[in-house]
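Trainee: Just passing along the structure, written as structure tokens.
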Amino acid sequence: MGSLCLLPCTFFVVTFLWIIPVSQGQTAAHHRAWIDNPPFSTYNLKIFPRNSQTDKVEVDVQFYLVAITQLNELSGYLDLVGYTVLTWTNELLMWNDSTNLMPEVIMGQNNFWRPPLVLANSVESLTEMGDKSYNIRINKDGVCEWQVGVVSKSACSVDVSYYPFDQQSCKISFTPWGYTDTQVRLNTTSSGMNTDLFMPNVEWTLSGTTVEALSSASASYLDYTINLARKPGYFLVNMIIPILILGMLNGLVFLLPADSGERVGYAITAFLTFAVFLTMVSDNLPKSSEPMSLLCFFLTLMLIMSALSTVITIMTLRVYHQDDDSPVPMWLKHVVAFITCRKCKKWCGQKLEAIEQPKPGQEEEEEEDSSAEEDSEEEDSDEEGKRKTEVKKAKPNNADIKGISWRVVGGTLDGFFFSLFVFGTAVISCVFLIPLALAATSSESAEE
């Protein structure tokens, strides 16, 4: 009785185990049968994948960006890692699979025709992308899917006008090498690169990507554009802020006492510091004249200002150490009087005296009225009185240049050049650094 109960169970298990391989689909035997029969047995990868050889193959391209390893501003190229998924229809590889045992196959890329995809703007070589280890997936409708890894070094034109707050746009251009746009055309259904797998870069922020399909010189091109914004934090802390501080310290050389003997050393140290910063910036920028970074112009002007302060410091020290017995030139006294506003005080005093004095013709009119009442005998005495009442020319007043010695000249020049250099540094900083700040603001808004 027990054995009779086991018979249905055994039959059920055997039947289930026999059905499992069938339900799992493909087996080695099925794959071998597919290879030994058409369409694969009669397939030739050298034949264009169309029944009519004049038809065009539309290739859909999807680019997946994985990482941006480097943007070399000096050499002008972009290093990135990603992969592309190409899809097209091969009319010579279609089969009828009513049993659904072989809905698709995966085989090495060297067994089938594939579009010869080339990175058109590569800086290394124009070789066909792909490797013999890559596979192509083909379904029964002839739809082929080819996944190609991309480790590229593409040319990129770098604009460093607003370095280190610059934004760069680099292109990656693909083309089916050797085919015209009437034979193979690259298209895409996406609006840019797929960044789901993208790993952020420590120096650059990915602002966005775009894609454009176009034809040029009878060839099809697919151009991907990568928009990058530099992260300026490192350069701001290690370059911009020290340069601003040095610029403000540049004019303080004129506040050092002339007898300390440290003026020339201080000025030369500031000059060499600016030269070092200029070298650091130049090492990170392309060796091109156009466009040049505003930061380079700023540093060059600050270097010139530092050189001028060194020259002027030497000249003022010569003024301080002039012999006290030697007279100060008259023109230099007038310059010092003008800088110290002695001239202004003198001119203001002369204007007040001119306002208080009577008009030149007023006294003459009063004398003429009195002489009309006198006799003709007194005309000679009236003429003498008129000559006495004429306004005499004032003798030159040199009170504004009195007491100006070589020591006074040196102190006046120090104060003047200190104010001039501080003002000049502020103006130069505003002219060149405000556009950089505006570029940084626009970069942050673009990221948002």
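Each value in this text was obtained by applying a stated rule to the coordinates, not by laboratory testing. In this text the structure is predicted, and so the values were computed from the model without any measurement. Cβ: placed from backbone, ideal geometry, glycine included. Neighbour counts: every protein chain shown.
Trainee: Using +1 on the beta carbon of Lys and Arg, -1 on that of Asp and Glu, and nothing else charged, what's the dipole of the stretch 43-231 about the Cα centre, debye to 20? Display every interim value, and only then the final one.
Mentor: On the way: 12 positive and 20 negative charges, 51 e Å.
Result for the stretch 43-231 is approximately 240 debye, rounded to the nearest 20.
Trainee: While we're on this one: So for the stretch 43-231, averaging the separation of alpha carbon pairs under 8 Å that are six or more residues apart and normalising by length, what relative contact order in percent results? Kindly include the intermediate steps, with their values, before the conclusion.
Mentor: Values: 443 pairs, mean separation 48.6, N = 189.
In percent, rounded to a whole number, it is 26.
Trainee: Give me, ordered by chain and number, the residues 5 or more places off N194 or on other chains with an amide H under 5 Å from its own placed amide H.
Mentor: F63, Y64, L65
Trainee: Go through the stretch 208-301 and name the trypsin sites (Lys or Arg not before Pro) that are in a DSSP coil and have 15 or fewer other Cβ atoms within 10 Å of their Cβ.
Mentor: On the way: sites: R230, R263, K287; in loops: K287.
Answer by residue number: K287.
Trainee: Also, I was wondering about something else. May I have the convex hull volume per residue, in Å³, for the Cα set of the stretch 43-231? Mind dumping the intermediate values first?
Mentor: Working: hull volume 24.2 nm³, N = 189.
Cα-based convex hull of the stretch 43-231, divided per residue, equals 128 Å³.
Trainee: Ok, one more. Measure off 7 Å from each Cα along the Cα-to-Cβ vector at L126 and Q147, then give the distance between these two points in nanometres to one decimal.
Mentor: 3.1
Trainee: What length, rounded to one decimal in nm, is gained on full extension from R50 through to V85, with 0.36 nm per residue of separation minus their alpha-carbon distance? Numbers along the way, then the final one.
Mentor: Details: separation 35, 0.36 × 35 = 12.60 nm, distance 2.08 nm.
10.5 nm is the gain from fully extending R50 to V85.
Trainee: Where both residues lie in the stretch 43-231, what percent of DSSP beta bridges are antiparallel, nearest 5? Intermediate results must be reported in sequence, preceding the final value.
Mentor: Working: 57 of 63 bridges.
If we restrict to bridges inside the stretch 43-231, about 90 percent are antiparallel.
Trainee: Something else: Using +1 at the C-beta of Lys and Arg and -1 at the C-beta of Asp and Glu, which of W146, I47, L71 has the Cα lying farthest in the positive direction of the dipole of the stretch 43-231?
Mentor: I47
Trainee: Report the FRET efficiency, 1/(1 + (r/R0)^6), for M94 and V202, where r is their Cβ-Cβ distance and R0 is 56 Å, rounded to 0.05.
Mentor: Numbers: r = 49 Å, r/R0 = 0.87.
Efficiency for this residue pair is about 0.70.
Trainee: Also, quick follow-up: Most exposed first by the Cβ proxy, i.e. fewest other Cβ within 10 Å, how do M248, M302 rank?
Mentor: On the way: M248 13, M302 26.
With the fewest neighbours first, M248, M302 line up as M248, M302.
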